[in-house]
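Down below is the structure, laid out as structure tokens.
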Amino acid sequence: MSFPGGGIFSGMAVTLRNFVGSYFDPDRLTTNDYSWRPVGKLPQSAGEYPKEGGEQLSDTTTVTNYSRNFPMLLHDGGVSPMDTIRCVACQICERECPPQCIYIEKAYDENGKSIKSPEKFDIDVSVCMSCQICVEVCPFDAIVMNSQFELSSPDRFGGLLLRRDDLLKSNDYYHRIHPEEAAARDQRMAEEKAAKEAKKKATAEAAKKKAEEKARAEAEAKAQEESPGNEETS
Amino acid sequence: MVAPNYELIEQEGLETSLLEVSMGPHHPSTHGVFRMDVKLDGENVVDLKPVFGYLHRNHEKLAENMSYLANMPFTDRLDYFNSMTNNWAYALAAEQLVEIEVPERAEYLRVIMAELTRLVNHVSLVGFFVNDLGALGTPLLYAFREREKILDLFEQASGARMMCNYFRFGGLRCDVPEGWLAQAREVVDQFPRFLDEYEKLLCENEIILSRTQGIGKLSRELAVSAGITGPMLRASGVAYDLRKVDAYGIYDRFKFRVPYGEEGDCYDRFMVRMLEMRESLQILKQALDNIPEGEIMGKAPRVFKPKPAEVYGRIEGPKGELGFYLIADGTPKPYRYRVRPPSFINLTVLRDMCLGQKIADAVVILGSIDIVLGEVDR
């Protein structure tokens, strides 16, 4: 700018344009409205806190379908969620958790035999840092990230310690909050299952074939054993 | 203007002496919890001692007690503005340990994420810098408005806005969702419009000029011998950029310029960052044009258990050279893990820059260094 103070005036023009523009142009708003997010993906808008009607899923208070907050345990529906819980209490996530916020105890039946499900599964969400390492290391797709964020509690210790039953969520719920991720995960699981079954089938067939071959070989051997006798008789 | 006519009172028993002021520790939202012990002669800084460690979290020792992968989310929390570049530097170091080939698409996405991070860092740094000058709020909020758009992109890709935890040894954790690249392009295309406006708002403002030009000069020799890196080194007139020098990742495929200053004062440091954002946009455009389809994860070993080795992985972070030095001893945990944080090493010349300046300028100089105390204290 050539005249003194011109830089300040042109700067003020910018602020004035932003001030006036903020009434018309959503781009000028300091809090943007997420209008550029893809259409048809839920939820469209993060909305303002507390909930804006209809914008957030009523029962989940999720932010967006990409966000992650704290882990949850998946089950596949059924009468009791514990019947179909995917977690087998292998404790890999407990070992790998960077801030060590997971605590697992295995369940045993009356004979003292492990029944491959967690008796206790606690996550201290005051320690959890939402890093998703547990999700990645889980070989059973049993733990995934929830996006529920309204977890504040007046109880400083108990309120932030999520127990197994608080963490248990159905796969349908997972599909509701993270539709794309859940679909991809289900597809991958189905593929893995199919591959496993195919492998099982292949090994079973191979075993069957082997058994048949063995039986045939035995039969041949028996026939050979018997054949000299036949010659004698003839 | 007529000089004010006053007489100094000279009287026995009235003595002048140096004044010691403890500036800080301040709230983390500005730069972090940082304190300066300043000795003042009137308004002039005679001596300055930076005091830090308020945010020490034992980062390096923690890493020695957990697996290589489990440390990745902790690197997010070093410099919490630039979690993506922190991830990248750590991944680069660890990838040298086991020699994983990173797929093409992942390399492109890494560059895109790193350059978006650079935009986030520089745009908010400039906001904080003028905030330190006294322009409270307005430029910072304009900057945060743009930053928000990029953080939305990060959230879509990685699930979190700031603590992304997105890079993995050998690639990325997941592919970006459908339509993400189109949105990234939209953000990149709209960014120059904001930059034009931002430059108009700040770069010629007489108050900023008079408060920053000639303030806090850092000579070329001192900058080099003190190990200063990043925009601060380039502002002192050394065109040194690891993206050009090392060409890590696939940076050798992009055409971009490295802006550098002449004077090494606060204004140069400010302008170098403004210009760097333009170059980042150039890189982003080229990367978004050329990104191929394909895998995003290389063949990483299932259990990350490297052979004994020593590696150093470094990148040109938005604040300077960010390096991770790892010693592997054949176990799943690193034997030694060391971070070379750019903020910390850039902070070491604070005293040299502040000596002889006014106390009000010490704040400006601190702002122009671009530190994040999460990284300084670790």
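Descriptive notes on the structure:
- You will find that of A:Ala107, A:Ala184, A:Ala195, the residue that is of a type in the set (Gly, Ala, Ser), under 17 Å from A:Pro81 (Cβ atoms) and not in a loop (DSSP other than H, G, I, E, B) is A:Ala107 and no other.
- Figure legend. Inter-residue proximity from segment B:193-206: first residues surrounded by fewer than 17 Cβ atoms within 10 Å (Cβ to Cβ), second residues in a loop (DSSP other than H, G, I, E, B), beta-carbon distance below 6 Å, spacing 6+ or different chains. Indicated pairs: B:Glu204/A:Met1.
- Selection within segment B:230-253 - in contact (Cβ under 8 Å) with a residue 24 or more places away in the chain, within 20 Å of the chain's Cα centre (by Cα) and farther than 19 Å from B:Met274 by Cβ: B:Leu242, B:Asp246, B:Tyr248, B:Gly249, B:Tyr251
- Hits in segment B:154-167 - residues which are among the aliphatic types (A, V, I, L, M) and more than 10 Å from chain A (Cβ to nearest Cβ): B:Met162
- Residues satisfying the stated conditions in segment B:230-277, i.e. part of a loop (DSSP other than H, G, I, E, B) and of a type in the set (Phe, Trp, Tyr): B:Tyr240, B:Tyr248, B:Phe254, B:Phe256, B:Tyr260
- Residues within segment B:197-217 that are more than 14 Å from A:Met12 (Cα to Cα), within 10 Å of chain A (Cβ to nearest Cβ) and in a loop (DSSP other than H, G, I, E, B), tallied: 0
- Qualifying residue in segment B:289-302 (condition: closer than 28 Å to B:Cys174 by Cα, part of a helix (DSSP H, G or I) and not basic (Lys, Arg)): yes
- Residue within segment A:124-136 that is small (Gly, Ala, Ser) and either closer than 28 Å to B:Tyr68 by Cα or within 14 Å of chain B (Cβ to nearest Cβ) (or both) present: yes
- Here the condition is being crowded, with 23+ Cβ neighbours inside 10 Å, within 14 Å of chain A (Cβ to nearest Cβ) and either in contact with a Leu (Cβ under 9 Å, 6 or more places away or on another chain) or in contact (Cβ under 8 Å) with a residue 40 or more places away in the chain (or both); of B:Met113, B:Met72, B:Met84, it holds for B:Met72 alone.
- Looking at A:Ser130, A:Ser153, just one residue is of a type in the set (Gly, Ala, Ser), at pLDDT below 85, surrounded by 11 or more Cβ atoms within 10 Å (Cβ to Cβ) and outside any helix (DSSP H, G or I), and that residue is A:Ser153.
- Selection of segment A:83-104 for residues being assigned to a helix (DSSP H, G or I) and touching a residue at least 40 places away in the same chain (Cβ under 8 Å) yields A:Ile92, A:Cys93, A:Glu96.
The values are calculated or read from the model by the stated rules, or taken from the named source; none is laboratory data. Please read all numbers here as calculations on a predicted model, not as lab measurements. Methodologically, a virtual Cβ is constructed for each residue, glycine included, from the backbone with ideal geometry; neighbour enumeration extends over all protein chains shown.
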